[in-house]
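Engineer: Before I ask anything, let me first share the structure, which is written out below as structure tokens.
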Amino acid sequence: MMQLLQYLGRTTRASFTKLGRGTFFLLHTLAGLGSILPRPRLILNQMYSVGVLSFLIITISGLFVGMVLGLQGYYILSDFGAEETLGVMVAASLVRELGPVVTALLFAGRAGSALTAEIGLMKATEQLSGMEMMAVDPIKRIISPRFLAGFLSMPLLAALFSMIGILGGLMVGVGLLGVDEGAYWSQMQASMDFHDDIVNGVIKSIVFGFVATWIALFEGYDTIPTSEGVSRATTRTVVNSAFSILGLDFILTALMFGDN
Amino acid sequence: MDNSVSSQNSLVSVHNLSFSRGNKKIFDDISLEFERGKITAIMGPSGTGKTTLLKLIGGQLFPSQGSVTVDGQNVHRLRRSELYNLRKRMGMLFQSGALLTDMNVYDNVAFPLREHTHLPESMIRTLVLMKLQAVGLRGARNMMPNELSGGMARRIALARAIALDPMMIMYDEPFTGQDPISMGALVHLIKSLNNTLGLTSIIVSHDVHETAAIADYIYVLSEGKIIGEGTPKEIQQSKSEWVQQFMTGAADGPVHFHYPATDYVDDLLLSKKRSGRVSKRYGQL
Amino acid sequence: MQHTSTQDTLVGLFVASGIVGLLFLALQVSNLSSFIKEDTYTVTARFENSGGLKVKSAVSAAGVKIGQVSAINFDPTTYESVVEMHINAKYTTIPDDTSASIFTAGLLGEQYVNLVPGGSEDYLKNGSAIEITQSAIILEKVIGQFLFKSAEEKAETKK
């Protein structure tokens, strides 16, 4: 019993100090953005590894998720004779929930883990230390551009995911199952609201991008500089990002769609 | 220890420095002087915190007591921007080279120039090629760090360390794990760079012969204390048993072959009882 | 950093496609386009009961969307629901004796305002009111009436 309490206390203390370090790290990263903005080349290079390399997994997943939604939605809705509202169902689930959430989870798995491993290995091979000794702040030079790239890429990826998904739903619903194309679009347009649905969905994806990138970079920077440490940090990135994204999704959904 | 003799002409002085990690005392009240334009070596067995000493001098770690002065400035009292300005004049060569793996050799050497100066690209090119020529690797400029051998990576890192024409360079184990040829090349490089560029060099190493061949002054560290110092000749003739053991590489002596432990026989007899307990604890986990 | 120019192109493509995605969501998926592009004029109609009609519900004539509901208010003097609609400005020839009724798209679909043009020579303008209206069909009410009626019939046949 005492051991359990001790363990609990230790864990709590450890997680609080980690949270503190993470916050300082974030502030430092944000402070570094100022010196990075005049050097768009650094950001462009990171946009490539964070955004472009996630492009394929996001679009393909988006297509399949949309197709499945089209198929499932059709069978459920046709029981009520409401196939015409398929477009609404596909668009609403993608734009409000699946787009931001699934994209963020895939993003954490694809780009986040890569970022953690990259930074962790740079730490393990003394590259960060070396940079410090060259009077170059590694947080400004290495972390900040990656942070900005992740932060900018996520909403774009989420929008792409939703778009491809809606088109996938169209392919299945209209192409295979014979829902009227006009109804698919017009019902969707009639019930999707620009502010309530689209803007809120984009806000979600921005928040998720912020958090997922932050976690990935911090875990990398906070790695114990050994190969085991890096592998553990990579795992933690995926797990912690997934928890944070899903938890935040609940909170954001309650705040955004609560009063409807 | 007599520091006052050389302190007039020293670039780096370490005063009464203590540093501990956890409960382990890594340095216990040590003082060292590093003279301008000379090669000073810090020697000692692995695990004595020689790299830690370099990080303390570079301001990456903070001592629990004592001070480090570089070119008249107390490293640990400086503000961040001042420390960074000081570091621009300090080069450091890491054991692994610490080259940035996502850039080729050329960009690695150009990195400090691009970060700290606003020189035009043509001037940077000239400087980079000069530095690469100095380490004899101008032909390797388009290679990536993972294509380089360990010795080459270290030489590239050396070219990068001298890119900003620093006043001093710290070498962390420059000879470890090198074949005799690249070892010879490095020894030659360090010596010639020191002479031609008027650098102050600090070498941390446990390679006795190579270090003794080029160092002007040697400190021998063990268990957080300085146990010997002097010119290579003085060190080799030292009366201290410990220094003799280190220099000749005897397996046993004042530094025991065995890590401190309880009595061997007792330990073996205990093991039966204890192994039962250990496995039980793992079972709980 | 090698192949920088191809990388730049790919990054450019990525950003462009992301922006296309955002625009697609804004214009094609939500009804933002219908707001921005066209001019509209406003007409009102009074309903005894506007049911599940909402702001931004469609206003259509002959099955074509010609505008949308912009406000629904309760009139405390007449106890009616006042529905304000924006009609696309290009439809200038809707007669002023047009009737408005609230329909439901499908059994469970959205409710919308359906306009059935009359035969008048004068047309609806900004600020005019539609006089002839028919309220929403409240599904619960219809089912209730039906059940009540059939229960009555049963009771009568038993007698």
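Engineer: Considering just Cα atoms, how many Å³ per residue does the convex hull of region C:40-144 enclose?
Structural biologist: Numbers: hull volume 10.4 nm³, N = 105.
Taking only Cα atoms, region C:40-144 has a hull volume of 99 Å³ per residue.
Engineer: Considering only DSSP beta bridges with both partners in chain B, what is the antiparallel share in %, to the nearest 5? Kindly include the intermediate steps, with their values, before the conclusion.
Structural biologist: Details: 20 of 38 bridges.
Approximately 55 percent, going by the DSSP bridge assignments.
Engineer: Could you state the principal axis extents of the C-alpha atoms in region B:30-159, from the largest down, to the nearest angstrom?
Structural biologist: Principal axes ranked by extent give 45, 36, 28 Å for the Cα atoms.
Engineer: Can I ask one more? Take chain A, compute every pairwise Cα distance, and split them into 10 Å bins from 0; I just need the percent in each bin.
Structural biologist: 7, 26, 29, 19, 12, 5, 1
Engineer: Now for a different question. For peptide A:71-81, how many partner chain Cβ atoms fall within 10 Å of a residue's Cβ, on average? Before the final figure, lay out each step's value.
Structural biologist: Numbers: counts 0, 0, 0, 0, 0, 0, 2, 0, 0, 4, 4.
So the per-residue partner count for this stretch is 1.
Engineer: So with the 1.4 Å probe, I'd like the accessible area per residue for region B:91-225, rounded to whole Å². Spell out each step's value before the answer.
Structural biologist: Values: 5160 Å² over 135 residues.
Spelled out: the 1.4 Å probe surface of region B:91-225, per residue, equals 38 Å².
Engineer: Considering only C-alpha atoms, what is the centroid distance from region A:154-226 to region B:35-54, in Å?
Structural biologist: 56
Engineer: Let me ask you something else. So, taking all protein chains as they sit and a 1.4 Å probe, how much accessible area belongs to B:Arg80, in Å² rounded to tens?
Structural biologist: Result for B:Arg80: roughly 130 Å² accessible.
Engineer: Less than 17 Å from a label point 7 Å out along the Cα-to-Cβ axis of C:Phe74: which backbone N atoms in region C:124-158 qualify, by residue?
Structural biologist: C:136
Engineer: Something else now. Taking K and R as +1 and D and E as -1, what net charge do the other residues with C-beta under 12 Å from the C-beta of A:Thr235 add up to?
Structural biologist: On the way: positive: A:Arg232, A:Arg236; negative: A:Glu219, A:Glu228.
Here the charged neighbours net out to 0.
Engineer: Within 10 Å of each Cβ in A:156-162, how many Cβ atoms from other chains are there, averaged over the peptide? Intermediate results must be reported in sequence, preceding the final value.
Structural biologist: Working: counts 9, 4, 4, 10, 9, 1, 5.
Counting Cβ atoms of other protein chains within 10 Å of each residue's Cβ and averaging gives 6.
Engineer: Also, quick follow-up: Express the Stokes-Einstein translational diffusion coefficient of region A:1-64 in µm² s⁻¹, to the nearest whole number, given a Kirkwood radius over alpha-carbon pairs, 20 °C and a viscosity of 1.002 mPa s.
Structural biologist: 137
Engineer: Now for a separate question. Among A:170-179, B:18-27, how do they line up from the highest to the lowest mean number of other beta-carbon atoms within 10 Å? Working shown, then result.
Structural biologist: On the way: A:170-179: 17.8, B:18-27: 14.8.
Going by the mean number of other Cβ atoms within 10 Å, highest first, we get A:170-179, B:18-27.
Engineer: Which log10 I(q)/I(0) values, to two decimals, does region B:123-215 give at q = 0.12, 0.15, 0.22 Å⁻¹ under the Debye formula with one point per Cα?
Structural biologist: With one equal scatterer per Cα and no solvent, log10 I(q)/I(0) is -0.35, -0.56, -1.19.
Engineer: Quantify how strongly other chains surround peptide B:78-85 by giving the mean number of their Cβ atoms within 10 Å of each of its Cβ atoms.
Structural biologist: 1
Engineer: OK, next. Using alpha-carbon pairs under 8 Å, 6+ residues apart, how would you state the relative contact order of chain B in percent? Provide the component values of the computation, followed by the final result.
Structural biologist: Values: 451 pairs, mean separation 62.6, N = 285.
In percent, rounded to a whole number, it is 22.
Engineer: Please give the per residue accessible area of region A:163-260, computed with a probe of 1.4 Å over protein heavy atoms only, in Å². Intermediate values should be presented prior to the final figure.
Structural biologist: Numbers: 4290 Å² over 98 residues.
That works out to 44 Å² per residue.
Engineer: Then there is this: Once you put a point 7 Å from the Cα of B:Leu129 and another 7 Å from the Cα of C:Lys54, both along the Cβ direction, what distance in nm separates them?
Structural biologist: Each label point lies 7 Å from its Cα, and together they span 7.0 nm.
Engineer: While we're looking at this one, here's another question. With a sphere of radius 15 Å drawn around the Cβ of C:Gln134, what net charge do the other residues whose Cβ falls strictly inside it have (Lys, Arg +1; Asp, Glu -1)? Intermediate results must be reported in sequence, preceding the final value.
Structural biologist: Details: positive: C:Arg46, C:Lys141; negative: C:Glu48, C:Glu80, C:Asp97, C:Glu131.
Counting the neighbours of C:Gln134, the net charge comes to -2.
Engineer: So the label point goes 7 Å from the Cα of B:Leu78 along Cα→C-beta, right? Which residues of region B:11-28 then have their backbone N under 15 Å from it?
Structural biologist: B:11-14
Engineer: Moving on. Before I look further, what does region C:40-144 give for accessible area per residue, probe 1.4 Å, in whole square angstrom?
Structural biologist: Values: 5710 Å² over 105 residues.
Per-residue value: 54 Å².
Engineer: Turning to a different aspect of this structure: Taking all protein chains in place and a 1.4 Å probe, what share, in percent, of the accessible surface of chain B do carbon and sulfur account for? Display every interim value, and only then the final one.
Structural biologist: On the way: 7650 of 14680 Å².
Result for chain B: 52 percent of the exposed heavy-atom area is carbon or sulfur.
Engineer: Please work out how much length the chain gains when fully extended from C:Val64 to C:Ile138, using 0.36 nm per residue of separation minus the C-alpha to C-alpha distance, in nm with one decimal.
Structural biologist: Working: separation 74, 0.36 × 74 = 26.64 nm, distance 2.33 nm.
Value of the extension gain: 24.3 nm.
Engineer: A further question follows. If I model region A:74-114 as equal point scatterers sitting on the Cα atoms and use the Debye formula, what is log10 I(q)/I(0) at q = 0.15, 0.34 Å⁻¹?
Structural biologist: For region A:74-114, the Cα-only Debye profile gives -0.49, -0.98.
Engineer: What 222 nm value per residue comes from the helices of chain B, counting each DSSP H run with n ≥ 4 as -39,500 (n - 2.57) and dividing by all residues, nearest 500 deg cm²/dmol? Walk me through the numbers on the way to the answer.
Structural biologist: On the way: 11 runs with 117 residues, N = 285.
Dividing the helical sum by the residues of chain B leaves -12500 deg cm²/dmol.
Engineer: For the protein assembly as shown, just the Cα atoms, rotate onto the principal axes and tell me the three extents in Å, largest first.
Structural biologist: Here the spans come out as 128, 73, 49 Å, largest first.
Engineer: Return, ordered by residue number, the residues of region C:104-148 whose backbone nitrogen is under 20 Å from a label point located 7 Å along Cα→Cβ of C:Glu156.
Structural biologist: Under cut-off, by backbone N: C:142-148.
Engineer: Further question on the same structure: Counting only other residues whose beta carbon sits under 15 Å from that of B:Phe94, what net charge do I get with K and R as +1, D and E as -1?
Structural biologist: Summing Lys/Arg as +1 and Asp/Glu as -1 gives +3.
Engineer: Can you tell me the relative contact order of region B:137-202? Whole percent, Cα pairs under 8 Å, sequence separation 6 or more. Show your work: numbers first, answer last.
Structural biologist: Numbers: 36 pairs, mean separation 24.1, N = 66.
About 37 percent, as a whole number.
Engineer: Using a 1.4 angstrom probe with every protein chain in place, what is the largest-first accessible-area order of C:Ile102, C:Ile19?
Structural biologist: Values: C:Ile102 0, C:Ile19 80 Å².
Greatest to least solvent exposure: C:Ile19, C:Ile102.
Engineer: Step through the table entries B:Lys55/B:Lys239; C:Lys54/C:Lys141; C:Lys65/C:Lys149, compare each Cα-Cα distance with 29 Å, and write down the pairs that go over it. Kindly include the intermediate steps, with their values, before the conclusion.
Structural biologist: On the way: B:Lys55/B:Lys239 31 Å; C:Lys54/C:Lys141 19 Å; C:Lys65/C:Lys149 37 Å.
Over 29 Å Cα-Cα: B:Lys55/B:Lys239; C:Lys65/C:Lys149.
Engineer: Tell me, how many Å apart are the Cα centres for region A:1-63 and for region B:74-133?
Structural biologist: Rounded to whole Å, the Cα centres lie 27 Å apart.
Engineer: Let me ask something else about it. When N counts the residues of chain B, how does its alpha-carbon radius of gyration compare numerically with 2.2 N^0.38 Å, as a ratio?
Structural biologist: Details: Rg = 21.8 Å, N = 285, 2.2 N^0.38 = 18.8 Å.
With N residues counted in chain B, Rg over 2.2 N^0.38 Å equals 1.15.
Engineer: With both partners inside region C:40-144, how many of the DSSP beta bridges are antiparallel, as a percent to the nearest 5?
Structural biologist: 75
Engineer: Based on the Cα coordinates of region A:1-146, what is the per residue volume of their convex hull in Å³?
Structural biologist: On the way: hull volume 27.3 nm³, N = 146.
Dividing the Cα hull volume of region A:1-146 by its residues yields 187 Å³.
Engineer: Also: Jot down the per residue volume, in cubic angstrom and as a whole number, of the convex hull over the alpha-carbon atoms of region B:183-239. Walk me through the numbers before you get to the answer.
Structural biologist: On the way: hull volume 4.7 nm³, N = 57.
Spread over its residues, the Cα hull of region B:183-239 gives 83 Å³ apiece.
Engineer: If contacts are Cα pairs under 8 angstrom and at least 6 residues apart, what is the relative contact order of chain C in percent? Spell out each step's value before the answer.
Structural biologist: Values: 259 pairs, mean separation 37.1, N = 159.
Relative contact order of chain C: 23 percent.
The values are calculated or read from the model by the stated rules, or taken from the named source; none is laboratory data. Since the model is a prediction, treat every value here as computed from it, not as a measurement. Here Cβ is always computed from backbone atoms with ideal geometry, including for glycine, and neighbour counts include all displayed protein chains. The accessibility values were calculated without ligands, DNA or RNA, using every heavy atom of the protein model including side chains. Shrake-Rupley method; radii C 1.70, N 1.55, O 1.52, S 1.80 Å.
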